[in-house]
Structures are given as C-alpha cells and as structure tokens.
Amino acid sequence: MKILGFPAWLGALVVVAGAVCGLPGASAQTVPLAWQVAASSQMVVPQLVILDTDIGDDIDDAFALALALRSPELRILGITTTFGDTELRARLVDRYLHAMGRDDIPVAAGIPTPHNNVFTQAAYARQWPEVKHWDGVAFLLSQIRAHPGEITLIAIGPLTNVQEAIKLEPATFRKLKRVVLMGGSIYRGYDGHNGERRPPDAEWNINRDPAGAQALLASGVPVFMMPLDSTQIHLETAEREAIFSHGSPLTDQLTLLYHQWMAGIDGHPLAPTLFDPVAVTYAFRPDLCAATPMRLTVDDKGFTIPVQGAPNAQVCLKSDERGFLDLLLERIAR
C-alpha cells in the first residue's frame, strides 16, 4: 500500500475533519477525492511481451498489433516477423509503428521461408525504406536472457522462429514466462461460408510448421492456446465503420491495410475474422477466454489432437465474443 506523504496526509486530514465538523467548503462528497488521488498514483506494472507475427497476408495481425499498442497492460519489448518474406513484413511493421510515433519499439525479421500465399499488404510495406533488420531469433533469445522468467511471447504466426530458438538454446527458451498463441483446431474447424460449423482442421499457423508446434509443446514453457474454437470472431459493418471513421493515426493504418487486404484476394467476406487479436487479449484479459488444461499432440499435417495424459497446454475453447469486441473498440476507436 502506498503511504501518503506529509502534505497529502495533512490535506486529507483537514478535509475529513472539515466534513465531520461542517466547515465551509468541506462537504462529505470531497472526502474521497484525497484518497482517490493517492490511489490513482499507484500504477499497474505492465507485463513484458514480444509479438511474433506474420503480418501482411490476412488482416487480423494488423488489428492484433493495434490492440497491443493501445493496451497499457503490455510493454512491447519488440516485434519479430515470421514466415515468408520476413524482411518485407518487418518493413510493414516499421511503417505502421512510425505512423504511431512508436519508432522506439525494435523490429526484427525472423527466418524467411518459402511461401505461395498472397502478401496482400505488400504495397503498404514497399512504401517504406528498405533496411536490414535484426535477426528475429537472436533478438528473442537476447531478450529472454535479459528478462528471465518475465516475458510473455505472443505468437500469432507459424512457429518457425520458436522452433529455431528452441533448437539453438532450449534452456534459454525455457526461461520465458509463457507463450500465448493463436493456433490449432480442437473440436471446431474453419467455419463454412454461411457460418456452418465444420470438424477440426489443420489450422494455418500450425499447418505451416507442425514441427514448431511439436517443439513448443515439448519445451516445458507454459502454453496458452487460442484455437479456431474460440477465435472466429467477425468484425461486422457497424464495428468496422466505427474504427475506419475514427480518424486517428492508428485507425488510418488499419483502414489502409484493410482495403489492401480486400483488394488482394477475391472471394473473401467483407467482415474480417479476428483470430489473432484474441491471443493478444488473453495476455491481459484471460477472463474473456477461459482456458481448459489439455494434453495435445500435433501430427505432421498440423492437426492438434487432444489425447489422454498430463496437460501440456491451457486451451480456450469458447470466448466472450461481445466482451472481446467491446474491448477492441474501446481501445482503438474511442
């Protein structure tokens, strides 16, 4: 408990005494204010996080980064990019952070990989100068060494960087506080075009690097998984327009990136699915996505299969969708 200094203590005593004795200007309504000032000075210490993202293909990564930037509960130590052209993804993040006045956040490019998916937001990234970024895996390991037991890794892309970090320095990787990831499909696959529920799928992030998921679950680090079961939350027209009409530097970036995403691929719905922001939300509001302890295995096709045995992950199977959307809008558009 924070102790009031002498002047604040004296002021509080005078206000309380005045209210009790009926002195002018010292109503009972003013009594709590002195204590509220003291309480407001107690700041919550933000948790240290690193965001590992494949931003630039789907649009949900851009919303996840927006939410992380606007959440005072999180202190972003750095952002690492994963999968495909990781240098171009890092340039996208550079431009995004600069628009937000957050050039202080380090950006590191992870291991590049072959890919045949459409980098829908490449034009946005190419408008930013090309620079050579830090090595993403080396950056991750260096931060773990500097802050042992304190860092939450929020992994919202394929787990290529995670796999390499475990391979290079497994003991260092185990000093992460936890990994919160968007990935997997337990009982629910990708919903159909008309919203119909489908059986489990090989979810994208796990399917692109099953060995990375296998290594993570065997690493000994606490794992909190947000699978398709709890992350298929759609940003419908009213919420989209509230964000795009807000006119802040942050929402302007989201507007640009959304329209590039829309133009980049034919046939997807107007309402994006906000898979990745659910993982960011869980990092500081786990009440919106209660987790169940489970033991999972990952096969070579990327299916995440529940089995009997000691739990190796905490898995959110159902989220509070309205609570999540209210939080998102409050943080980035109000």
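Quick notes
- Looking only at residues of segment 289-303 that are of a type in the set (A, V, I, L, M) and assigned to a strand (DSSP E or B), we find that the one that is nearest to Asp276 (Cα to Cα) is Ala291.
- Residue satisfying condition, being among the small types (Gly, Ala, Ser), assigned by TED's automatic domain parsing to the domain that holds Leu217 and at positive phi, within set Gly323, Gly247, Gly267: Gly267
- The residue list Leu317, Leu296, Leu325 contains one member that is of a type in the set (A, V, I, L, M) and farther than 18 Å from Leu181 by Cα, which is Leu325.
- Check on Thr255, among the polar types (S, T, N, Q), part of a helix (DSSP H, G or I), surrounded by fewer than 20 Cβ atoms within 10 Å (Cβ to Cβ) and touching a residue at least 60 places away in the same chain (Cβ under 8 Å): no
Let's see how each residue does on (1) within 12 Å of Thr231 (Cβ to Cβ); (2) in contact with a strand residue (DSSP E or B) (Cβ under 9 Å, 6 or more places away or on another chain); (3) modelled with pLDDT under 95:
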{"site": "Ala271", "(1), (2), (3)": "no, yes, no"}
{"site": "Phe275", "(1), (2), (3)": "yes, yes, no"}
{"site": "Ala279", "(1), (2), (3)": "yes, yes, no"}
{"site": "Pro286", "(1), (2), (3)": "no, yes, no"}
{"site": "Leu296", "(1), (2), (3)": "no, yes, no"}
{"site": "Gly302", "(1), (2), (3)": "no, no, no"}
{"site": "Arg322", "(1), (2), (3)": "no, no, no"}
{"site": "Asp326", "(1), (2), (3)": "no, no, no"}
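- Lys301 satisfies every condition listed in (1) among the charged types (D, E, K, R); (2) farther than 23 Å from Gly195 by Cα; (3) buried (at least 17 other Cβ atoms within 10 Å of the Cβ) except (3).
- Residue within segment 306-326 that is of a type in the set (A, V, I, L, M, F, W, C), surrounded by fewer than 20 Cβ atoms within 10 Å (Cβ to Cβ) and under 30 Å from Gln253 (Cα atoms) present: yes
- Test: residue in segment 262-282 that is part of a helix (DSSP H, G or I), touching a helix residue (DSSP H, G or I) at 6+ places or on another chain (Cβ under 7 Å) and surrounded by fewer than 22 Cβ atoms within 10 Å (Cβ to Cβ): no
- Criterion: in contact with a Pro (Cβ under 9 Å, 6 or more places away or on another chain) and basic (Lys, Arg) - qualifying residue of Lys175, Lys132: Lys175
- Scope segment 170-189; condition surrounded by fewer than 17 Cβ atoms within 10 Å (Cβ to Cβ) and in a loop (DSSP other than H, G, I, E, B); matching residues: Arg174, Lys175, Tyr187
- Of the residues in segment 232-243, at least one is over 18 Å from Gly157 (Cβ atoms) and part of a strand (DSSP E or B).
The values are calculated or read from the model by the stated rules, or taken from the named source; none is laboratory data. The shown structure was predicted, so the numbers you read here are calculated from the model rather than taken from an experiment. Counting neighbours? That spans all protein chains shown, and the Cβs are built from the backbone with ideal geometry, glycine included.
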